[in-house]
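Below is one structure, written out as structure tokens, with a few remarks after it.
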Amino acid sequence: MSDNRFKDHLGRPIVAVTGMGVITSLGHGLQDNWAALTSGTSGIHKITRFPTEKLSTRISGTVDFIAVPAENSVERSFAFARETTAEALAQAGLSGDFEGPLFLAAPPVEPEWSDRFALADRAPPSKAEGDAYDRFLAAMRERPDPVFLEAVQFGSISERLADTFGTRGLPVTLSTACASGATAIQLGVEAIRQGRTDRALTVATDGSVSAEALIRFSLLSALSTQNDPPEKASKPFSKDRDGFVIAEGAATLVLESLESAVARGAKVLGIMKGCGEKADHFHRTRSSPDGGPAIATIRAALADAGMDEGGIGYINAHGTSTPENDKMEYGAMLAVFGDRLKDIPVSSNKSMIGHTLTAAGAVEAVFSFQTMLTGTLPPTINYTNPDPTIVLDVVPNTKRNARPMAVLSNSFGFGGQNASLVMALEPA
């Protein structure tokens, strides 16, 4: 007979978190990140990785303190994921082969422009002119380039992580824009709930900041151009917000069935109670102005958790600092929580770490658990000019002592990708 202590309100296995690891521009590891985040420190700085003189945005939250064998997004993303996974497994008390599935959120892979030019220049004389991709193929046929090949394969990061940590089965790599990190966690939760595994490794990483990335987001008018001082640029929910600050980072969460975690004597850090996701068909990059899909996403997460609005004590907002997204998210939260919203602390980690894109949902899930575990609400910094149309308790500028028992974390991305997570300290 199954033990109901380990089942949720729908009779599914309760999913526990037993290990976490994180890297952002604030530092390497959970301890350093949390100390900086709760002190209101910003990790945003001037870009030194590539020239920025002709760019309208010259700041970022790049992670420049992890050594990589080659300067490309795949190597950086793998290195970040490797480090956070090692930290999470150590906290979970797991060594040797992981023996569970791997779900990885990774950025879309494209070769750097410098690599494309170098490859084209290697083309044989007979291919010196003409279609660029014919020249690329000719150059690769003449002299294989394993480093370049590794840098342009979408699945290479997950395959290397699987080999390094001994995960089971084919690793899954996904990319659902800014919701990717939360989506990876949802896949891990579902695998355990469906009885396909007792544990899952969920990883989200993004080391893709490049000149091309800045130019593309700038063309969408999505990035802040308030370059000086860099640490003041990200100002979610403020009246003078003008865009997000692109950033890098990674996070890993070890998920286990509560029954399995208790059986092996693991320390349970918290519970993944609910996951919600809804698509938004309004526009490729803009969210529906009425917030309908975001509202449905939050409600789906609460329903999946078996909770109503009254159970949420803190919201880790998507909070990008773009004029449109912050307004839409506020409207969505107001529709769900009503008059109670003004009494719920709602802060944005992105005010300090920037927007870590593919990694954001997992990074912010880690910080959400830390909020509950430590009884400390991280602030929203740079909040000096409130937007009168957005009435929120954003935990302005300074951390606050409080111990919410359940947290909602939102991730609303380009392409209509919306995901929300409900996390709690206790199963019931």
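What is the residue count in the stretch 28-42 for residues that are more than 19 Å from VAL254 (Cβ to Cβ) and either among the polar types (S, T, N, Q) or free of Cβ contacts under 8 Å to residues at least 12 places away in the same chain (or both)?
To start, the set of residues in the stretch 28-42 that are more than 19 Å from VAL254 (Cβ to Cβ) comprises 32, 35-42.
Applying the additional criterion that residues be either among the polar types (S, T, N, Q) or free of Cβ contacts under 8 Å to residues at least 12 places away in the same chain (or both) yields 32, 35, 38-39, 41-42.
Number of matching residues: 6.
Those residues that are charged (D, E, K, R) and more than 22 Å from ASP228 (Cβ to Cβ), I need them from the stretch 37-72; list them, please.
GLU71
State whether one or more residues within the stretch 201-209 are closer than 16 Å to THR52 by Cβ and open to solvent by less than 10 Å² (accessible area, probe 1.4 Å).
Checking the stretch 201-209: at least one residue is closer than 16 Å to THR52 by Cβ and open to solvent by less than 10 Å² (accessible area, probe 1.4 Å).
If a residue has to be open to solvent by 20 Å² or more (accessible area, probe 1.4 Å) and under 10 Å from PHE98 (Cβ atoms) to count, how many in the stretch 151-170 make the cut? Before the answer, list the steps.
First, pick out the residues of the stretch 151-170 that are open to solvent by 20 Å² or more (accessible area, probe 1.4 Å): 152-155, 159-160, 163-165, 167-170.
Applying the additional criterion that residues be under 10 Å from PHE98 (Cβ atoms) yields 164-165, 167-168.
Counting residues in the stretch 151-170 that are open to solvent by 20 Å² or more (accessible area, probe 1.4 Å) and under 10 Å from PHE98 (Cβ atoms) gives 4.
For the stretch 306-334, give me each residue that is of a type in the set (A, V, I, L, M, F, W, C), open to solvent by less than 50 Å² (accessible area, probe 1.4 Å) and either in a helix (DSSP H, G or I) or not assigned by TED's automatic domain parsing to the domain that holds ALA177 (or both).
Narrowing the stretch 306-334 to residues of a type in the set (A, V, I, L, M, F, W, C): 307, 312, 315, 317, 328, 332-334.
Next, only the ones that are open to solvent by less than 50 Å² (accessible area, probe 1.4 Å) stay: 307, 312, 315, 317, 328, 332-333.
Correct list: MET328, ALA332, MET333.
Assess whether LEU104 counts as being within 18 Å of ALA184 (Cβ to Cβ) and surrounded by fewer than 24 Cβ atoms within 10 Å (Cβ to Cβ). Steps first, answer last, please.
Details: within 18 Å of ALA184 (Cβ to Cβ): yes; surrounded by fewer than 24 Cβ atoms within 10 Å (Cβ to Cβ): no.
No; evaluated as a whole, the condition is false for this residue.
Restricting attention to the stretch 404-417, and to residues there that are assigned to a strand (DSSP E or B) and either open to solvent by less than 10 Å² (accessible area, probe 1.4 Å) or not polar (S, T, N, Q) (or both), which single residue is modelled with the lowest pLDDT? Can you show your working first?
Here is the first cut: in the stretch 404-417, the ones assigned to a strand (DSSP E or B) are 406-413, 417.
So of that shortlist, the ones also either open to solvent by less than 10 Å² (accessible area, probe 1.4 Å) or not polar (S, T, N, Q) (or both) come out as 406-413.
Working: ALA406: 97, VAL407: 98, LEU408: 98, SER409: 98, ASN410: 97, SER411: 96, PHE412: 90, GLY413: 79.
Looking at residues that are assigned to a strand (DSSP E or B) and either open to solvent by less than 10 Å² (accessible area, probe 1.4 Å) or not polar (S, T, N, Q) (or both), I get GLY413.
Of the residues ALA16, ALA118, only one is assigned by TED's automatic domain parsing to the domain that holds ALA233, among the aliphatic types (A, V, I, L, M) and either in contact (Cβ under 8 Å) with a residue 60 or more places away in the chain or surrounded by fewer than 22 Cβ atoms within 10 Å (Cβ to Cβ) (or both); which? Walk me through how you get there before you give the answer.
Values: ALA118 fails: assigned by TED's automatic domain parsing to the domain that holds ALA233.
Of ALA16, ALA118, the one residue that is assigned by TED's automatic domain parsing to the domain that holds ALA233, among the aliphatic types (A, V, I, L, M) and either in contact (Cβ under 8 Å) with a residue 60 or more places away in the chain or surrounded by fewer than 22 Cβ atoms within 10 Å (Cβ to Cβ) (or both) is ALA16.
Need at least 2 residues that are out of contact with any helix residue (DSSP H, G or I) (no Cβ under 8 Å at 6 or more places or on another chain) and among the small types (Gly, Ala, Ser) per element, so show me which helices (runs of 4 or more DSSP H) inside the stretch 107-153 make the cut, counting only ones lying wholly within it.
Numbers: elements: 113-121, 132-142, 146-151.
The qualifying helices (runs of 4 or more DSSP H) are 113-121.
Can you confirm whether the stretch 355-367 contains a residue that is more than 20 Å from GLY29 (Cβ to Cβ) and surrounded by fewer than 24 Cβ atoms within 10 Å (Cβ to Cβ)?
Taking every residue of the stretch 355-367 in turn, none turns out to be more than 20 Å from GLY29 (Cβ to Cβ) and surrounded by fewer than 24 Cβ atoms within 10 Å (Cβ to Cβ).
Only residues that are open to solvent by 60 Å² or more (accessible area, probe 1.4 Å) and modelled with pLDDT under 95: list them for the stretch 68-86, please. Outline the logic, then answer.
Pass one, the stretch 68-86, residues open to solvent by 60 Å² or more (accessible area, probe 1.4 Å): 69, 71, 82.
Result: PRO69, GLU71.
Just to be sure, is GLY166 touching an Asp or Glu at 6+ places or on another chain (Cβ under 8 Å) and on the phi > 0 side of the Ramachandran plot?
On the way: touching an Asp or Glu at 6+ places or on another chain (Cβ under 8 Å): yes; on the phi > 0 side of the Ramachandran plot: yes.
Answer is yes for this residue.
So how many residues does the stretch 87-101 have that are part of a helix (DSSP H, G or I) and open to solvent by 40 Å² or more (accessible area, probe 1.4 Å)?
Residues that pass the stated criteria total 3.
Does the stretch 20-55 hold any residues that are open to solvent by 30 Å² or more (accessible area, probe 1.4 Å) and under 21 Å from THR202 (Cα atoms), and which are they?
HIS28, GLN31 - these are the residues of the stretch 20-55 that are open to solvent by 30 Å² or more (accessible area, probe 1.4 Å) and under 21 Å from THR202 (Cα atoms).
I need the full set of residues from the stretch 1-39 which are closer than 29 Å to LEU220 by Cα and either among the acidic types (Asp, Glu) or assigned to a loop (DSSP other than H, G, I, E, B) (or both), in order please.
SER25, LEU26
The values are calculated or read from the model by the stated rules, or taken from the named source; none is laboratory data. Fair warning: this is a prediction, and the values are worked out from it, not measured in the lab. Methodologically, a virtual Cβ is constructed for each residue, glycine included, from the backbone with ideal geometry; neighbour enumeration extends over all protein chains shown. The protein model used for the area step is the full one, side chains on, heavy atoms only, and it has no ligands, DNA or RNA in it. Shrake-Rupley method; radii C 1.70, N 1.55, O 1.52, S 1.80 Å.
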